[in-house]
There are 2 protein chains.
Amino acid sequence: MNELQINIATDSKLYFKDPESSDLGKRIVEHGIEMIHELGYESFTFKKLGDRIHSNESSIYRYFESKHAFLIYLLNWYWSWIEYKLVFATTNMESAEDKLETAIQLLTEEVKEDTSFTFINEFILNKIIIIESSKAYHTKGVDKENEKGFYKTYKRVVQRVCDFVLEVNPTFDYPHMLVSTIIEGAHHQKYFSDHLPALTDCEDGKNNIVKFYKQLVKDVLRK
Amino acid sequence: MNELQINIATDSKLYFKDPESSDLGKRIVEHGIEMIHELGYESFTFKKLGDRIHSNESSIYRYFESKHAFLIYLLNWYWSWIEYKLVFATTNMESAEDKLETAIQLLTEEVKEDTSFTFINEFILNKIIIIESSKAYHTKGVDKENEKGFYKTYKRVVQRVCDFVLEVNPTFDYPHMLVSTIIEGAHHQKYFSDHLPALTDCEDGKNNIVKFYKQLVKDVLRK
DNA sequence: CAAATATGATAGTAATACTATTATATTTGC
DNA sequence: GCAAATATAATAGTATTACTATCATATTTG
């Protein structure tokens, strides 16, 4: 049987022309992800990307307003994908505890490639999210962009997990804080383990990040 | 009686010429902080700073290698200052629980101005740390810079708080994870409450960030 | 097959993040 | 008090960035 092929819904506010609608668009996204990973966000340019895909800087600008807009697009794609995995993994689960644990697992574990989306390498995209995503919203333009809905997929994921939290403990006062602390925290811990190990307690192959946050949730929500 | 006047020790690797050693150096730091806060890190330039302080771009480059190096300098100053406050606040405290609670308070509360350091506005510097500090280490150069000790003051603060954690619960496996999760988390929550409130549960004047992380520590370390 | 649309090539712009050089203050050591 | 040393300022220059604008050439579609 064939694997399920799904499209992640993206918001048309995030681009001039939908990159999924053409071969060039897909190449922009596919190799854009590669290049941000290789060069880092700062050194990545549309000019370099144009060269890599044997296309032209000006053509890329017809899809995305700016490098920043491209990053926002990737972010939204990522969180929509996570949302899809979250919903898929928790539907038909009865126990709120199980749903929450599944969610925490998904948000803190290392990402593997998902063959359902041919032109996006989720494994690399996850690395980009860990390293670069804070640059997307730590800008002077956040408030306006937030109004335009640029961060809504991330907020939606947080809200879904919040709902699980409140199912487990309806009197807990800080569900959003807890969930965003875990998501951002897990990303930081992964980054620290690779680059600033004195700030974490990770050991190879031990999944300490997942363990730590799972235990944390249990401890915090214990009534 | 006069207030205590202290100098925060800074590492000479962080600059070409110590900015505290001259009037110009102090103006660079003082107004540099102001301008990063006003313009954001991306739009801040040494040229604009030169204009503001009626000095010259080239003169600023004689103090700091680059804008990035300037940010790293500010980060280190900030964490040295926090370390000083941490040590000052916890000396002579007997109970490990009290020391840890004091530390969490210090790391999660809103910063007020500290008149002990005339040319640095800690209130604004704290805002810069919250918004810009992740840009300092999320770069391709982290590993080399880490080797040179560019992040050691931050690591030292984390280690000090870790020591309190282990005093409270010597068998706890993830003290560094816990402490860095709290520090980064508190910064994120503050930023979210100002710009992406759907990701947090802050209400004006309620100190929810402090409460949340204090309770979290208690829950997590409960034996 | 013409018209519409997508892509490519080229050029241009203001700004950035510097480096290099030279000139002018200011400090210091004798 | 003055020369030498040092700090600062002024100016110019460079490669690159993050775009915009224009025009030419493919490709698709009705």
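The values are calculated or read from the model by the stated rules, or taken from the named source; none is laboratory data. Just so it is clear, the model here is predicted, and its values are computed rather than measured. Note: ideal-geometry Cβ built from the backbone for every residue, glycine included; neighbour counts use all protein chains shown. Please note that ligands, DNA and RNA were not included when accessible areas were found on the heavy atoms of the full protein model with its side chains. Shrake-Rupley method; radii C 1.70, N 1.55, O 1.52, S 1.80 Å.
Answer yes or no: is there a residue in the range A:27-45 that is surrounded by fewer than 17 Cβ atoms within 10 Å (Cβ to Cβ), of a type in the set (Lys, Arg) and farther than 30 Å from residue A:161 by Cα.
Taking every residue of the range A:27-45 in turn, none turns out to be surrounded by fewer than 17 Cβ atoms within 10 Å (Cβ to Cβ), of a type in the set (Lys, Arg) and farther than 30 Å from residue A:161 by Cα.
Does the range A:210-223 hold any residues that are open to solvent by less than 20 Å² (accessible area, probe 1.4 Å) and either over 23 Å from the mean Cα position of the chain (by Cα) or facing another protein chain (nearest Cβ under 9 Å) (or both), and which are they?
A:212, A:213, A:216, A:219, A:220, A:221
Among (1) open to solvent by less than 50 Å² (accessible area, probe 1.4 Å); (2) among the charged types (D, E, K, R); (3) under 21 Å from residue A:200 (Cα atoms); (4) facing chain A (nearest Cβ under 9 Å), where does residue B:201 come up short?
So the condition that residue B:201 fails would be (3).
Pick out the one residue from B:144, B:155 that is basic (Lys, Arg) and out of contact with any helix residue (DSSP H, G or I) (no Cβ under 8 Å at 6 or more places or on another chain).
Numbers: B:155 fails: out of contact with any helix residue (DSSP H, G or I) (no Cβ under 8 Å at 6 or more places or on another chain).
The conditions single out B:144.
If I filter the range A:10-19 for residues that are open to solvent by 60 Å² or more (accessible area, probe 1.4 Å), within 30 Å of residue B:143 (Cα to Cα), modelled with pLDDT under 95 and basic (Lys, Arg), do I get at least one hit? Spell out how you get there, then give the answer.
Within the range A:10-19, the subset open to solvent by 60 Å² or more (accessible area, probe 1.4 Å) is A:12-13, A:16-17.
If we keep only those that are within 30 Å of residue B:143 (Cα to Cα) too, we end up with none.
No.
Considering only the range A:112-132, I want to know if a residue exists there that is within 16 Å of DNA strand C (Cβ to nearest atom), among the charged types (D, E, K, R) and either within 18 Å of residue A:18 (Cα to Cα) or within 12 Å of the chain's Cα centre (by Cα) (or both).
No, every residue in the range A:112-132 fails to be within 16 Å of DNA strand C (Cβ to nearest atom), among the charged types (D, E, K, R) and either within 18 Å of residue A:18 (Cα to Cα) or within 12 Å of the chain's Cα centre (by Cα) (or both).
Please work out which residue is nearest to the chain's Cα centre (by Cα), limiting yourself to the range B:41-61 and to residues that are assigned to a loop (DSSP other than H, G, I, E, B) and near DNA strand C (Cβ under 9 Å from one of its atoms). Quick ask: steps written out before the conclusion?
So in the range B:41-61, the residues assigned to a loop (DSSP other than H, G, I, E, B) come out as B:41-45, B:53-56.
Keeping just the survivors that are near DNA strand C (Cβ under 9 Å from one of its atoms) gives B:41-45, B:56.
Values: B:41: 16, B:42: 19, B:43: 21, B:44: 19, B:45: 21, B:56: 28 Å.
Among those that are assigned to a loop (DSSP other than H, G, I, E, B) and near DNA strand C (Cβ under 9 Å from one of its atoms), it is B:41.
Just the residues that are open to solvent by less than 30 Å² (accessible area, probe 1.4 Å), more than 8 Å from chain A (Cβ to nearest Cβ) and not aromatic (Phe, Trp, Tyr), please, taken from the range B:142-177.
B:145, B:149, B:153, B:157, B:161, B:162, B:165, B:168, B:169
Hey, does the range A:60-82 have a residue that's in contact with a helix residue (DSSP H, G or I) (Cβ under 9 Å, 6 or more places away or on another chain), away from DNA strand D (no atom under 14 Å from the Cβ) and hydroxyl-bearing (Ser, Thr, Tyr)?
Yes, the range A:60-82 contains a residue that is in contact with a helix residue (DSSP H, G or I) (Cβ under 9 Å, 6 or more places away or on another chain), away from DNA strand D (no atom under 14 Å from the Cβ) and hydroxyl-bearing (Ser, Thr, Tyr).
Suppose we keep only residues that are aliphatic (A, V, I, L, M) and in a loop (DSSP other than H, G, I, E, B) within the range A:4-40. Which one would you say is farthest from the other protein chains (Cβ to nearest Cβ)? If you could, list the steps in order and put the result at the bottom.
First pass over the range A:4-40, keeping only residues aliphatic (A, V, I, L, M): A:4, A:6, A:8-9, A:14, A:24, A:28-29, A:33, A:35-36, A:39.
Within this subset, residues satisfying the condition of being in a loop (DSSP other than H, G, I, E, B) are A:4, A:6, A:8-9.
Values: A:4: 31, A:6: 26, A:8: 21, A:9: 20 Å.
Ranking the candidates gives A:4 first.
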